[in-house]
Amino acid sequence: MNTDPNRSTAALPEALLTPALWDVVTRNNNRALRLTNELMQVHVTTSDGDEIHRYVVRPNESDYMWTNWYLQLTNFKDMYNQAEALNNNTYMAMGLICEVYVTSLITDTFGDVPYSEATQGKEGIYQPKFDKQQDIYLDLFRKLEQANTLLSTPTALTEVQMAVEPLFGKDINNANTNKTLASTLTTTAWRKFCNSLYLRLLLRVSARAEANSASKMAEIVSNPTKYPIFSNNAESAIIKYTTVVPYVSAFYNYRVFDFSGNNGISVFFANNLNTWGDPRRANWMTLYEGAYSGIPSGYSRGQVPERESAYNSALMNDPMLGNIINYPEVQFILAEASAKGYIGGDAKTFYENGVNSAITIWGQTVPINYLTNPALAWNSGATLDAMMEKIHLQKYYTMFFTDFQQWFEYRRTGHPNLPKGPGVENGGNMPSRLRYPVNVQSLNGANYSAAVAAFGPDDLNTKMWWNK
Amino acid sequence: MNKIFTQRIKAVRCATGLALFVCLSQVPQTSLAISTAALYQQPLQESVTVSGVVLDDADGQFLPGATIIDAQRKVLGATSGTGTFSIKIPKGTSITITMIGYAPVTRTINTDGEKLTLRLKATENALSEVVVTALGIKREEKSLGYAVSTVTNKELTNAMSNNWTNALTGKVAGLNLVKSGGGPAGTNKIILRGENSLDGNSEALVVIDGVITSSSSGRNTGTGSGAYLSGDSPADFGNGLSDINPDDIENVSVLKGPAATALYGSRGGNGAIIITTKSGTSRKGIGVTINSNTSVDMISRWPDYQNEFGQGDQGQDLYYSYLTTADGASTRSTSSAWGPKFDGQSYFQYDPLTRTTSATRLPWLAYPDNRKDFFQTGNTFLNSISLDGGSDKGNARLSITNLQNNWIIPNTGYTRNTVALSVSSKLTDKLVISSKVNYTNKKSDNLPSTGYNNQSIMYFIRGMVPNMDINWFKDYWLPGQEGIAQSRPFSSLLDNPYLIANEMLNSSDRNQVTGNVSATYNFLKNLSLMVRSSVDLSYETRAQQRPFSSNKFATGMYRSQNIYNQEINNDFLLKYDNKFLDKFEYSVTLGGNNMVNRYIRDELRADQLLYPDIYTFANSRNPVVAIPNRSKYSVNSFYALGSLSYDNFLYMDLTARNDWASTLATPTSSDNISFFYPSIALSAVLSEKIKMPDFVSFLKLRASLAGVGSGSTIPYRTAYAYDPTLFQSSLSNPGFIANSGLKPLRTTSKEFGLDVRFFKSRLNLDVSYYKSNTYDQIINSPLDPASGYSSVVINAGEIQNSGLELQLTGKPLQNAKGFSMDVFGTFSLNRNKVIELEGDLTTYIMSTGPRGTVEARVGGSMGDLYGLGYERSPDGQIVYQDGYAKLGTNTQYLGNTTSPYKGSLGANFRYKAFSLNVLFDGQFGGVAYSLTHSVLAEEGKLTKTLPGRYNGIIGDGVVLNADGSYSPNTVVAANTANYYKSHFVRDNVESNTFSTNYIKFREARVDFSLTPKMLSKIGVQRATIGVYGRDLLIFTDWPSFDPEFGTIGAGGEIAAGFEVGQFPPTRTFGLNLTIGI
C-alpha cells in the first residue's frame, strides 16, 4: 500500500555516482558562464542589465549553487555509506573524493558553511550548524588521506561497474581487454585525482600556517608511490561530454544565442592569447573581422560595446568543458609551490610542462618557439610576484570554464592582473565571496546568525579564512 | 422570475409533494412523476385524450418537466423536453399543470382529443426551488443552510464557447476561472472562494452525473517543459472537463463551501461543480432536437505597436543594411526596432525573390499589419442531434455531437465527437435501473506550443520588426534544402512561424468514457437503496515532432506520451424519511464509497533523428529514452446525512463522514489513514412565521459550520525512495524527505447567508459571508538545502479565506404588451491571509516566473508577487545613474496576482418572440508581470518607446550625489535604446507589472423563437435562431493582450501572475439554430 512503483528503496553505490557528478560539473559549467567568466573577464555581457562584470552580484545568484551542491553532496555521502556497508574500499574512496571536491567549492564560494551536520535531513537535522572554514579544510584533508589509503587496497571494479564509471572507467574499460588491469588502472586514476585535488586545496590554504600546507605538499611530491598524482593530460579528471542524452554538456540545449549571443570575449582574454599566438583561440572563440578581438569589461552603464569575438559555438558540446581538475593545473600548482619553496624541483620545468600540456590538452600543437616569447618565457631571476603573475596568467587559461577556480585563485593571489573598467562598482573590489542564499536566513536562521557573527558580515567583501 | 440568474432548475416535484428527500438523484425525475399515471385508468368511465404544450407566459419558451396532476394530486404525466404532453384521463377530470416557480393552471377536460396551449405565469414567491446538492441529492433550496448557485443549460449555451466552463464567468459569485489561454483547447482552472492550498491544488471538484472527474479525465498532464525558455514548449492539450458538450448539460450546480460539499469528503474542500447531463423525458413518440452552431473567432486586442522606426539595434538608427552593403555593416539580425525612422528614404533591404540583399535601394517602409496577417479567422462548427423519449416504464436520451475547430493560428485546431446516452428503466414498481454514459473522442493534428520559446508562435511575433513582411516567411524551407534547413531571412534566433505551424506539431488523440450504472430499489415509499458504479477513463496518445534545423532540435525530435487516467467509484446510498408530531419531518441517508484512482504516463523520446521528416522511433539517432510514470491511490468512505425540518420553516442538516486514504499509509503501516469530519447547516425562512413589512416578500437566514479533511491526491510521500535518472543504471537521492507520520489536512468553514426578496420578488438579493481556515496542509516545506534536501513533506500552515458574495436579480420592467426586462448582478470579495507557515518559515514560493516569484508570506496573501524593482531614493523617486534608471538589489512586494474583487452585471430583454441577453463582468485589485511588455519595450516596439529617439531623453527622477544626498536627474540619456532597456529590462519586475483590472463585454445574444402558431405551420415543435457574441470588448490598461490569463507550466498546471508570451484574445460571433421535431 502506497509503495511507489516509480522509485527504488535501495541503491548500490555505483548507481549514485554518475548522475551526481554529472549534475555538479554541468552546473559548475553553467555558473562558470554566468558568474566566473564575467567576473574574471573571459567574456563581457552586452546586456546592460547584467552587471556581474561590474562586480554587482545580486543576492539571488547564490541559491543555485548552494542548493545543487548540497543536494549532490547527499548522494556522495550516501555513496560512501552504501559502499561501507558492502566493504567496498573503492567506492568509499570515490565518495570521499567527490565529497571533498564539492565541499571545497561550497566553502570557497561562501566561507563558513554547514559541514559536520550537513546533508543529514533524513536523520532529522533540518537546520545544520555552520562550521568554520578552517575546521572544514582540516577535515577535508583527513578525508583525502583516508581516500588515498582506501585506494591503496582498492576493491576491484566489476566490468559492469567500469562501464558506468563516468570519469575514467568507461574509457579504460573500452581500451583494455584485460579487465583486471582495467580495474587497477581505474582505481589508480582515482587515487591520482585524489592527491591532485589534495595539492589544489593545500595550496589554496597555504597562507595559513595552521594548515601545514608546505610540508604536506613536499611529502606528497616526494613520495609518488604513496601519493601518486597526475602525470599526463590523459589522467586528468574530466567528465567527457557527448551528444547522447543525458551524457551531454551544460549547454547541449542552449541555442547559440543563449551561449554567446550577449557574451563578447573580453579584451583581456583575447589580447593575451593574441600576444602569444595561442592556438587555443581556434577552440575557444570566433573571428571578428578577420581577427580575435575582445571588448572591455566593466564598461559604464549605457556605454555598451558591440560584441566582437564570441565563444566558438562548438564549445557548447566540447568534451573538455567537463573539467574537474587537469594535469596542467597540477603542474602550475607545483610551479607555484616550487617558486615559493614549499617543494623541491624546478619551477621552470613545472611551468613549462603546464604551458605545453595546457595547449595539447585542447588537441592543439604547441607552436615552435612558443616558450621563448618574452611574454611567456620563464625568468628564474624574476620577483616572486612576477613569477606568480606568469604562472597564474597561464593557470587562468588552463582553468577555462572550470567552475569557480579562476575566481578562487584570483582572490587568493590577486593574479592574473585584471584591468578594471570605469563602470565597476563595489568600490572597485572583486567580490570575495557570494552572500548566503536569502532563504537560508529564514530556513536556518539561528545558525545563519551565529555564522555571520563568527565569520563576518554576509556581504560580498568578507574574506575567507585562507586569505584573511 | 429571472431566467438567467436564478438558482433554480425546472424540475418536477416529487410525487409525494411535500416530502423533502424522496427525489433520488439517480431516479430520473419523470419516471417518478409519471409512476402513478398508468395505474389510474378507471375502466368504467369514459376516457378522453388531451394533449398540449406548456409555455412560459413571459417569453413563450417551452416548459419541460411541468407536472400534470388531478384534484387528488395524483400525477398524470409531465411535459417533455419541448413542453408537450399527452395523457389519457377520465372524462370530466380537472387537471392542474404545476411547475416549480410558476402558478398552477387548472382545466377541466370534457372533449376527447382536445389540444391545449397553456401559459404558466411565474409566481412571485418561488419558494420551492429545487437544487442539486452534494452526491446529486436534490433539495429544496429554502431548506439549505449554505449557498448553491445553479447555472442552466440556457445560460451555458447563450454564447457558446469551445470550453463550456468559460460560460460560468460572471454567473456565479465567488467563482474564479484561471484560463490557460493556451490555444483552442483553452483549459481553465476553476477556483471557488479563493485559493487555500499552498501546493497549488485549490481547484474545485468536478462531478459529472455523480462521477468525480477532476483527478482522472479532468487532470491536466503537462509536457514536462515550462513556458519560459525551457527545453521544449508546453502545449495545452485540454482535459475531459473542457470537452463536455454543453448541449448535453442539463444544469450545473456550484457548491462553494465545505458545508455544501462535506459529503464529498476529502476532495470537496475546495467546493464542487456538479454537472447533471440531460435525461430522456416522458413523451409521446420521439423528440428530436437538432442544434447547429457556427462561430468565428477574431483577434480583439493588440499591444500598442509603433510603426515609425524600423529594425536596428542600439546605435543603429542612422542607416539600415540587409547584410553588409555599401551603406555599412549588416543590421538585419536584431529583433529590436531602434533603427532609422520611416522617413521616405531608401536602403538595401531584403528581397524576397532573390532571398538576399536587394540589388537596388528600396523604399524604407513599415508593414503595420505584419503581425496580424499571420493569424487567420478561427471558426468552429458544432452540430448535434439528440433523440429522447420515455414512458412510464423508462426513458432514454441519445445525443451525437460533432465539433470542428480551426483556430486563429494556421494549421491548429481539433475535432471532437461526443456520444451521450442516458437510459433509465423501471423494471418493477420498486426497482429502477439507470445509466449515463458519455464517450468523447478529441483529436488534433496540431495544437499550438505556448509560452516564450523558439517553437512558440508568440516568440516570433514579438520578435517581428515593423519593416518585415510576414509573406517573406511563407516559403519556410531554403530552396533545395526542404526538410533540412529553414528559411530565416532575419534573426536566426527566431524559428520561421510557418515552419512552427506546419512542421513543429503537437498532436493528440484522446478517448474518454465517463459514465455510471445505478440501481435504486424502493423498499417502501420512504425507504430506498441506491447502488452505483461509476467509471471515468481516458486514454490519450500525444506526439511532438520538430523538424531539422529548428533552434532547439537541430537534427529534429520526436516524442510521444501515452497517458491513461482511470477512476472507479462504487457507492451506495440508503435513505429513509418520515414525519412525527405532525410538524416535524426528517430524513436519514447513509452512504459508502470506494474509490480507486490510477494514472499511467509513459513517454518515449527520440531527441535526435537520423533522417529528416521521418517521425518514428525507428529513425532515432540514439537509443530511445523511456520515461515511465505511474501512480495509484484509493479512498474508502462512509458517510451520513440527517435532515430535520419543522413546520416548513426551520431546517437543519447534519453530515458526518469518515475517510480512509491510502495516500496517508506507509508501506508498512496504516495507522494514520482514517479521519472524520462533521458539518451542520441551519436555515430559517423567517417570512413564513414573522410578519414582514409589505415590501419584503421573502426572508431566509442560513448558517453553517463544516469541517473537511483531506489525505491529498498525491501518493508516495510517506516512504523514502531513490529517484531514477536518465543515466544508465543509476539512481539519485530524492530532493524531498518523506514523512511516515503524515496526517490529513483540515479545513473548517463558517458561512452565514441571507436570501431576501422585495416587492413581490421583483428584486431579490442573496448575500453570503464565509470564513474558512485550512490547517495542516500537506506541503513540501522548503529546507535549507544544506540539510541535503530541498524540502520535507509535513503538515503545516494555516490559510484563511474570508469573503462576501452578493447575487442580485430583479425585474424592473414587465408590461402587459409582453415586454420585460430582467437584470442580474454578482459581486464577490475574497480576502486571503497566510496566518502561519511552518516554524520559522516566513515564505513559501508558489511559483517562479521568468523573473520574480509568487509567494505566500506569513501576514500576506497567497499569490503575492515579489521581484526586483527600481532603486529609489528615500522619497520614492527613481534613481538614475549616467542618465539611466538603476535596478535595485532587493526584492520587493509588487501586489497580489489574484483579483480580490469580481463582479458582473447582465440584463435580459424580451419582447414576444425576441429576446436579448447581455452580460458584462470585471475584476479589480490584482496585478501581473508581463514578459511580452518587457520584451516589446526593450526592443523598441511599443509607442511608449518613441519619445527621445535621435534627441535623447531625461528620465524623471533623481541622481545620488557623492555626499549621499539626492538631486534631480538632469543627465540626458543619449542612447535611447539603453534608456528604455534600463527601465523595462525583464529583471525589473516592478516596471513590467501592471494592473489586471478589466471590464469585459462578455456575452450578447439575440434570439428569435418561432411562436407555436408558426411552428405548427411548418410542422416542428420548436425553432429558435440566435445570433451571439462572446468577449466582444475589453476595457483595460493591461499593456499586452488580455489581462485575463494563466500560464501553463511543466506539469500542466495553470498559474496566474506571470504572462509569458500570451496568445491574442479573440472575440467570437456565432449563429445558433435549434430545431425540435
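The values are calculated or read from the model by the stated rules, or taken from the named source; none is laboratory data. These numbers were taken from a predicted model, which means no experiment stands behind them. Cβ placement follows ideal geometry from the backbone for every residue including glycine, while neighbour counts extend to all protein chains displayed.
At a glance:
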{"item": "Only one of A:THR158, A:THR149 that is within 14 Å of chain B (Cβ to nearest Cβ) and loosely packed, with under 15 Cβ neighbours inside 10 Å", "result": "A:THR158"}
{"item": "When residues of segment B:900-931 are limited to those that are among the hydroxyl-bearing types (Ser, Thr, Tyr) and at pLDDT below 95, the one farthest from the chain's Cα centre (by Cα)", "result": "B:TYR911"}
{"item": "Cβ-Cβ under 7 Å pairs, at least 6 apart or on other chains, segment B:407-428 side without any contact (Cβ under 8 Å) to a residue 24 or more places away in the chain, far side β-branched (Val, Ile, Thr)", "result": "B:VAL419/B:ILE400; B:LEU427/B:ILE433"}
{"item": "Qualifying position, being assigned to a strand (DSSP E or B) and out of contact with any His (no Cβ under 7 Å at 6 or more places or on another chain), among B:ASN417, B:ASN411", "result": "B:ASN417"}
{"item": "Test set (1) assigned to a helix (DSSP H, G or I); (2) surrounded by 19 or more Cβ atoms within 10 Å (Cβ to Cβ) - A:VAL424 fails condition number", "result": "(1)"}
{"item": "Subset of segment B:282-300 (residues that are crowded, with 24+ Cβ neighbours inside 10 Å and outside any strand (DSSP E or B))", "result": "B:SER282"}
{"item": "Near pairs, Cβ below 8 angstrom, 6+ apart or cross-chain, from segment A:426-441 (away from chain B (no Cβ under 14 Å) and farther than 14 Å from B:LEU841 by Cβ) to any residue that is buried (at least 17 other Cβ atoms within 10 Å of the Cβ) and small (Gly, Ala, Ser)", "result": "A:ARG433/A:GLY111"}
{"item": "Tally of residues being surrounded by fewer than 20 Cβ atoms within 10 Å (Cβ to Cβ) and either within 14 Å of another protein chain (Cβ to nearest Cβ) or not in a strand (DSSP E or B) (or both) across segment B:794-815", "result": "1"}
{"item": "The listed residue being in contact with a Pro (Cβ under 6 Å, 6 or more places away or on another chain) and within 14 Å of another protein chain (Cβ to nearest Cβ), out of B:SER781, B:SER791", "result": "B:SER791"}
{"item": "Some residue of segment A:190-200 being over 21 Å from A:GLU99 (Cα atoms) and surrounded by fewer than 24 Cβ atoms within 10 Å (Cβ to Cβ)", "result": "no"}
{"item": "Any hit, segment B:646-660, residues being surrounded by fewer than 15 Cβ atoms within 10 Å (Cβ to Cβ), touching a Lys or Arg at 6+ places or on another chain (Cβ under 7 Å) and more than 11 Å from chain A (Cβ to nearest Cβ)", "result": "yes"}
{"item": "Residues satisfying the stated conditions in segment B:707-718, i.e. more than 7 Å from every other protein chain (Cβ to nearest Cβ) and buried (at least 18 other Cβ atoms within 10 Å of the Cβ)", "result": "B:GLY707, B:VAL708, B:GLY709, B:SER710, B:GLY711, B:SER712, B:THR713, B:ARG717"}
{"item": "Among the candidates B:LYS552, B:LYS583, residue that is of a type in the set (D, E, K, R) and more than 14 Å from every other protein chain (Cβ to nearest Cβ)", "result": "B:LYS583"}
{"item": "Residues located in segment A:237-262, provided they are facing chain B (nearest Cβ under 10 Å) and either outside any loop (DSSP other than H, G, I, E, B) or crowded, with 22+ Cβ neighbours inside 10 Å (or both)", "result": "A:THR242, A:VAL248, A:VAL256, A:PHE257, A:ASP258, A:GLY261"}
{"item": "Total residues in segment A:300-319, condition modelled with pLDDT of 95 or more, buried (at least 18 other Cβ atoms within 10 Å of the Cβ) and not charged (D, E, K, R)", "result": "6"}
{"item": "Residues of segment B:661-706 classified as within 14 Å of chain A (Cβ to nearest Cβ) and within 20 Å of B:THR589 (Cα to Cα), total", "result": "0"}
{"item": "Some residue of segment A:218-226 being hydrophobic (A, V, I, L, M, F, W, C), within 22 Å of the chain's Cα centre (by Cα) and either part of a helix (DSSP H, G or I) or buried (at least 20 other Cβ atoms within 10 Å of the Cβ) (or both)", "result": "yes"}
{"item": "Selection within segment A:45-71 - outside any helix (DSSP H, G or I), within 7 Å of chain B (Cβ to nearest Cβ) and touching a residue at least 60 places away in the same chain (Cβ under 8 Å)", "result": "A:ASP48"}
{"item": "Unmet criterion (only one of (1) crowded, with 22+ Cβ neighbours inside 10 Å; (2) part of a loop (DSSP other than H, G, I, E, B); (3) aliphatic (A, V, I, L, M)) for A:ALA83", "result": "(2)"}
{"item": "Condition met for A:THR383 (within 21 Å of A:TRP284 (Cα to Cα) and either over 25 Å from the mean Cα position of the chain (by Cα) or loosely packed, with under 15 Cβ neighbours inside 10 Å (or both))", "result": "no"}
{"item": "Tally, over segment A:100-140, of residues that are of a type in the set (A, V, I, L, M, F, W, C) and within 20 Å of A:LYS468 (Cα to Cα)", "result": "8"}
{"item": "Sole exception among (1) under 22 Å from A:GLU409 (Cα atoms); (2) among the hydrophobic types (A, V, I, L, M, F, W, C); (3) more than 9 Å from chain B (Cβ to nearest Cβ) for A:PHE76, by number", "result": "(1)"}
{"item": "Residue in segment A:1-21 that is farthest from the chain's Cα centre (by Cα), counting only those that are in contact (Cβ under 8 Å) with a residue 12 or more places away in the chain and more than 7 Å from every other protein chain (Cβ to nearest Cβ)", "result": "A:LEU12"}
{"item": "Search result, residues across segment A:118-133 that are assigned to a helix (DSSP H, G or I), more than 8 Å from chain B (Cβ to nearest Cβ) and surrounded by 18 or more Cβ atoms within 10 Å (Cβ to Cβ)", "result": "A:GLN133"}
{"item": "Odd one out for B:PRO628, checked against (1) buried (at least 19 other Cβ atoms within 10 Å of the Cβ); (2) of a type outside the set (Gly, Ala, Ser); (3) within 11 Å of chain A (Cβ to nearest Cβ)", "result": "(1)"}
{"item": "Residue list for segment B:365-400, filter: among the polar types (S, T, N, Q), in a strand (DSSP E or B) and surrounded by 21 or more Cβ atoms within 10 Å (Cβ to Cβ)", "result": "B:THR380, B:SER384, B:SER386, B:ASN395, B:SER399"}
{"item": "Evaluation of A:LEU181 against (1) away from every other protein chain (no Cβ under 14 Å); (2) part of a loop (DSSP other than H, G, I, E, B); (3) over 27 Å from A:PHE110 (Cα atoms) (one fails), failing number", "result": "(2)"}
{"item": "Segment B:765-784, subset crowded, with 23+ Cβ neighbours inside 10 Å and without any contact (Cβ under 8 Å) to a residue 60 or more places away in the chain, residue nearest to B:ASN801 (Cα to Cα)", "result": "B:LEU783"}
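Here is a yes/no grid of residues against (1) β-branched (Val, Ile, Thr); (2) under 31 Å from the mean Cα position of the chain (by Cα):
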residue	(1), (2)
B:TYR966	no, no
B:VAL1006	yes, yes
B:PHE1035	no, yes
B:PHE1041	no, yes
B:PRO1064	no, yes
B:ILE1077	yes, no
